[in-house]
Amino acid sequence: MKISARNQFSGTVGAVKAGAVNSEVELVLPGGERIVAMVTNESAKALNLKTGASAVALVKASSVLVMTDSSGLRLSARNCLPGTVKSLNLGPVNAEVTIALAGGTEVYATITHGAVADLGLQQGGAATAVFKAPSVILGVPA
């Protein structure tokens, strides 16, 4: 399958917590990082999401925020993945930021040029990729 989501994370389901309508699904990446997704209980059942199952998390780069200093903030976003800015690709409208996580996974974010300047982003600098659990789409091998 070809898909436009820039971020495609393969991993193993670490936990599934069913609620009244939605399930919280934790995906463990090969480097040990964890991504939390929120899917309907029907989707969790249809995809047979169980601990140990293989799955892929898809996140559009436009859904990823970049943070350089939390200043003690606590966020409602379940996914805060710290890493290092691997590259900055400054396009005519936006910039693509590639954040390398400690385990080797890369996260892509598209942000404005103003945000790049305001955050002082530079290659090799620390940055955290932030995205909410409902922004994650899960898929499984067919």
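For Lys50, the accessible area of its heavy atoms, probed at 1.4 Å with every protein chain present, is near 120 square angstrom. Report summary: the helix-based calculation at 222 nm, which adds -39500 (n - 2.57) for every DSSP H run with n ≥ 4 and divides by the residues of the chain, gives -2000 deg cm²/dmol.
Cβ under 15 Å from Ala100's Cβ, Ala100 left aside: what net charge do those residues give with Lys, Arg +1 and Asp, Glu -1? It works out to a net charge of -1. Take the Cα of Glu42, go 7 Å toward its beta carbon, and the backbone nitrogen atoms of the stretch 6-28 under 17 Å from that spot belong to 19-24.
Kirkwood's formula applied to the C-alpha pairs of the stretch 33-92 gives a hydrodynamic radius of 14.9 angstrom.
Compared with the alpha-carbon gap, the fully stretched path from Gln123 to Glu24 is longer by 32.3 nm at 0.36 nm per residue.
When the pairs Lys2/Lys132; Lys2/Lys45; Lys50/Lys86 are compared against a 30 Å limit on Cα-Cα distance, Lys50/Lys86 fall above it.
Put simply, the Cα atoms of the stretch 62-142 extend 41, 32, 24 Å along their principal axes, the longest span coming first. Note on the stretch 1-140: with neighbouring protein chains present and a 1.4 Å probe, carbon and sulfur make up 53 percent of its accessible heavy-atom surface. With the highest mean first, a sort of the peptides 108-116, 18-26 on other beta-carbon atoms found within 10 angstrom per residue produces 108-116, 18-26.
Quotient of the Cα radius of gyration of the stretch 1-58 and 2.2 N^0.38 Å, N being its number of residues: 1.09.
The values are calculated or read from the model by the stated rules, or taken from the named source; none is laboratory data. Not measured: the values here are computed from a predicted model. Cβ coordinates were reconstructed from backbone atoms using ideal geometry, including for glycine residues, and neighbour counts include every protein chain displayed. SASA here: full protein model, heavy atoms, side chains in, ligands and nucleic acids out. Shrake-Rupley method; radii C 1.70, N 1.55, O 1.52, S 1.80 Å.
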